[in-house]
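Let me begin by presenting the structure, written as C-alpha cells, before commenting on it.
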Amino acid sequence: MADTKFQLKLLVDNEAKKVLFAEAGKEIADFLCYLLSLPVGTIARLLEKNMVGCLGNLYESIKGLSETYMQPNQNKNSLLNPKSPISSTEIPLLLSDHEFESRKVYLCDYCNSNVADNPKIVCPSCNRKMTREVPYITASSKSVGTSTAAVGEGGFVRGVVTYMIMDNLVLKPMSTISSITLLNKFNVKDVRTLEEKVVDFGIEEGVKLLKASLECKNVLTSVFLSSIEPQKSSS
Ligand SMILES: [Zn+2]
C-alpha cells in the first residue's frame, strides 16, 4: 500500500516554466479532499522539521513532555498520532499507517447506555469503567449491510469524472471549454510551448504536495518542476 502510485497528467508551459494544470482521476482528487480532514498533529508529524511556522516546535515539546504531566485519562499519543475524524479506509493514498487500524469504541458493559473512545472513561450513568470493545462502523466499513448504491464507491468524489487541479490546488471537474478558456487566461500565445507530462503520484509526492500547499501558491510547479523556485504566498 505504501508504494501505491497513480498517474497525474500535467500540462506544462515550457516557456513560462510552470505547470498550468493537472488532470487527475478519482484517487488523487480523493487524496486532496483527504488533506482537509487531517488533524494539525498529523501534519506536524508528517512534515517533521520541515513544518513551516511554530507548530513543529509545539509538536516536539509535547513529544518530549513527561507523561506525568498528562491527565490520567489522556495520553500523549492522542496528540502526537491523532486519528483523522474521517474514516478513510477507501483512500488509496494514505499518509500514515495508523489509519489502517479500525477505530475502536468502548461500551459500558453494565448498563449498555454509553459508548466512549477510551476504555479509561467512567460511565456517567452507572459509574463503572467502559471496557467492552465494540467495532465502530462507518459508511465505508466493509461489513456494513447497506446496499452498495447507498454506500457508493468509497472515498469522497465520484469516479466517472476527470478532475482538473490548478497549480494553486483549486480542484474542479475537467471540461474542454474551461481548458481552452484557461489557455487564454494564462496568455499562452504559442501552444507549441505546451507539453503534456505524465508523472507518478505516490505517498512521497503527497507529502511534498502537503508541504508545498502550506508554503506557496504554485504547488504543482514546485513539486513536479523541482528546479523552479516556489513563489511565496505573499506575492
Ligand atoms: Zn454504565
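Only strands (runs of 3 or more DSSP E) whose full extent lies in region 149-217 are considered here, and the ones with at least 2 residues that are in contact (Cβ under 8 Å) with a residue 24 or more places away in the chain and in contact with an Asp or Glu (Cβ under 8 Å, 6 or more places away or on another chain) are 163-166, 194-201.
So is residue 23 at pLDDT 90 or above and acidic (Asp, Glu) or not? Yes. Taking the criterion of being part of a loop (DSSP other than H, G, I, E, B) and near the ligand (Cβ under 9 Å from one of its atoms), the residues of region 107-126 that qualify are 108, 109, 110, 111, 112, 113, 114, 123, 124, 125, 126.
Filtered by the rule that a residue be in contact (Cβ under 8 Å) with a residue 24 or more places away in the chain, out of contact with any Lys or Arg (no Cβ under 8 Å at 6 or more places or on another chain) and among the hydrophobic types (A, V, I, L, M, F, W, C), region 104-138 gives 105, 130.
Here's the yes/no breakdown for (1) surrounded by 14 or more Cβ atoms within 10 Å (Cβ to Cβ); (2) under 24 Å from residue 27 (Cα atoms); (3) among the acidic types (Asp, Glu):
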position: 167; (1), (2), (3): yes, yes, yes
position: 183; (1), (2), (3): yes, no, no
position: 190; (1), (2), (3): no, no, yes
position: 194; (1), (2), (3): yes, no, no
position: 200; (1), (2), (3): no, yes, yes
position: 203; (1), (2), (3): yes, yes, no
position: 209; (1), (2), (3): yes, yes, no
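The values are calculated or read from the model by the stated rules, or taken from the named source; none is laboratory data. Because the structure is a prediction, the values reported are computed rather than measured. Quick reminder, even Gly has a Cβ in these numbers, built from the backbone with ideal geometry, and neighbours come from all protein chains shown.
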